[in-house]
Amino acid sequence: MLFQKQQTIANRYTVVFPHKEGSYAETYRVRDENGKLRFLKLIYYSKLLSPQYNEDGKIIEVEVAKFLDHPNVCKYVDSGKLISNGQQLAYIVTEFVSGETLDKRIIRDGDLNVYEIKQIVKGVLSALQFLHSLPTPIIHNEISIQNLMLDLAGGLENLKLIDFGHARFLDQEPTSLNLKEINPFYLAPERLNGVCCVQSDLYAVGVVLYQLLFGSLPWFFDVSKMNGQQIVERLQAERVRPIRIPYIEKFELDEQLLNIVNKATQNEVQNRFQTAQEMLDAIEGKIKVETVIRRKTSLGKTETNKTIKRGNGFSDVAGMAELKEQLRSDVINLLQNPEQAEALGLSIPNGLLFYGPPGCGKTFFAEKFAEETGFNYLYVKGSDVASPYIDGGKGKIADIFSQARENAPTILFLDEVDAIIRNRSEHNNVTTAGAVNQFLMELNNCGKDKVLVIGATNKPMDIDEAALRAGRLELKYYIPQPDKETRKEIFQINITKRRYDFGIDYDQLADRTENYISADIALIVDTAARLAFRRNVGKITMALLEEAITNTKPSLGIEQIKAYEAIRDRFEQTEKHQQQRTPIGFKK
Ligand code: ADP
């Protein structure tokens, strides 16, 4: 530990007790200038890893701490930087809670009764409801019984959720997975792929609830002799099975509570509780929870999301007139006149590639295209198929295509398609050659079976060139950030679906959102609607929209947009060059 008892940190905090030394930080119990006890975390810049910083080079944990202001978290007091012992350090000061963590309490005092367990879970959910409702939600990412602090002075419901070392703002890059630091049994399935969302925290609350009720972790096995990848694979295999509910007699343990555990720990995000408030209402008996059947497809078969869409189709899509027109002539007309098409030996193309910056409508357009054509829609994420943790990519790809054929006509939307067919020359290629070959083979003739593949990527240069040839992802479309007219239309489409005020000036809205991407505009309208609701205004007004714009930063900087355009230019050049060798259609 860098500081000893009685020494002063940052000229202000006197060490009462050096507490603990971790991998990148030390913690201290300190007294401030007024003699108040505080908790201080000292972070070594030299020991931080890059995912612990945000895009602006700030430490995420410090930025998160600044938002902590709720009875179920330790309140933020102060933060700053200091230099000591020739090293640069950051510190966070929060209120000090005198108490013990829940795991220690259980060891000391034995099992809790159902009433106490509910109190605890309610406390965690209140903290999460607060964190998840911030303008940019904070995901805690490490909910466990070790990170719940019971305040000796208060009741169980006064517990504090602590340790924000893995917390992230929802708009940040995915987390990296370090199973040496995190207990894998609390991790939601998507966390195993490095992705986190509001519902991942709620999954962990489900695990805590199970653990408190039954004294063990769900789907538990011995990990002591396994490496990270083995743990992930085994965990995925185990979780296909229904959760095991031990037979125990516990007063007040009713079916509703068991259904809550089951729902919270579903593999599919959409089958879980969607908000902490929803789970809280379920615990308090305000809503009834039905038994959710665990889908068996979660590992063996790849997660896909199939729906028959019944919506407005292209009329929901702002701008993109040229793309709509081209798809009408290349795909929709052929489908509507099958006999004529067959007589002329024409079938729909096997595949298209949508590329360009994130949040500009690749997924959205594909969904609306499915609505327009009446096709089924199957969504698959590349990283789910080709994660370095998942083996057997070849079988998964065959499986996805056969699902698509069974449900044909189908739009098979492959998000992050670069992860599936990554350039085979690249060093960090995670897809096996078998998987790439399988993919190419399936792609070669899926149009005949009425399966249209739409690949989406923001890294077109990373895609194996063989996948881009004629007869495969043949037609390529750059989906840019919206221009003024398109922004205006996105505002119109999103606002006119709801209750709104007279006098909304769409031109002005579009003018004020130059450099905003489509997703930002959708968010602005959502934010304005939320403000209207919160303030009891009852409808979206121009003033609220303006306020929402002021409070929403564009997701992409001008530099980033330029970088995507540079990628587009390079990609077009390479494609032109390829075309001279193999004639393929290239459309922009
Ligand atoms: P991408 O797949 O390119 O990352 P998305 O398709 O998820 O982006 O787009 C993000 C959101 O932006 C959509 O959910 C939708 O609300 C909005 N959006 C995108 N493009 C359009 C459009 N052309 N018209 C209307 N809304 C759009």
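The figures follow:
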quantity: Strands (runs of 3 or more DSSP E) completely within the range 25-90 that count 1 or more residues being closer than 28 Å to Leu177 by Cα, among the small types (Gly, Ala, Ser) and touching a Leu at 6+ places or on another chain (Cβ under 7 Å); calculated: 25-31
quantity: Residue ID - surrounded by the most Cβ atoms within 10 Å (Cβ to Cβ), chosen from residues in the range 387-418 that are among the polar types (S, T, N, Q) and modelled with pLDDT under 85; calculated: Ser387
quantity: Filtered residues of the range 141-192 (kept if touching a Lys or Arg at 6+ places or on another chain (Cβ under 9 Å), surrounded by 21 or more Cβ atoms within 10 Å (Cβ to Cβ) and part of a helix (DSSP H, G or I)); calculated: Pro189
quantity: Odd one out for Met461, checked against (1) in contact with a Lys or Arg (Cβ under 9 Å, 6 or more places away or on another chain); (2) buried (at least 22 other Cβ atoms within 10 Å of the Cβ); calculated: (2)
quantity: Matching residues, the range 327-360, being in contact with a Lys or Arg (Cβ under 9 Å, 6 or more places away or on another chain), within 13 Å of the ligand (Cβ to nearest atom) and not in a strand (DSSP E or B); calculated: Gly356
quantity: Candidates Leu217, Leu213 - the one that is assigned by TED's automatic domain parsing to the domain that holds Pro137 and not in a loop (DSSP other than H, G, I, E, B); calculated: Leu213
quantity: Filter result (assigned to a helix (DSSP H, G or I) and farther than 23 Å from Arg405 by Cα) within the range 361-376; calculated: none
quantity: One residue from Thr574, Thr527, Thr541 being over 25 Å from Ser133 (Cβ atoms) and not charged (D, E, K, R); calculated: Thr574
quantity: Residue in the range 537-551 that is modelled with pLDDT under 90 and either over 30 Å from Glu575 (Cα atoms) or within 29 Å of the chain's Cα centre (by Cα) (or both) present; calculated: yes
quantity: Some residue of the range 515-534 being farther than 22 Å from Ala366 by Cβ, of a type in the set (Val, Ile, Thr) and more than 24 Å from the chain's Cα centre (by Cα); calculated: no
quantity: Tally, over the range 220-240, of residues that are in contact (Cβ under 8 Å) with a residue 40 or more places away in the chain and in a helix (DSSP H, G or I); calculated: 8
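The values are calculated or read from the model by the stated rules, or taken from the named source; none is laboratory data. Model, not experiment: these values are computed from the prediction. Note that each Cβ is placed from the backbone with ideal geometry, even for glycine, and that neighbours are counted across all protein chains shown.
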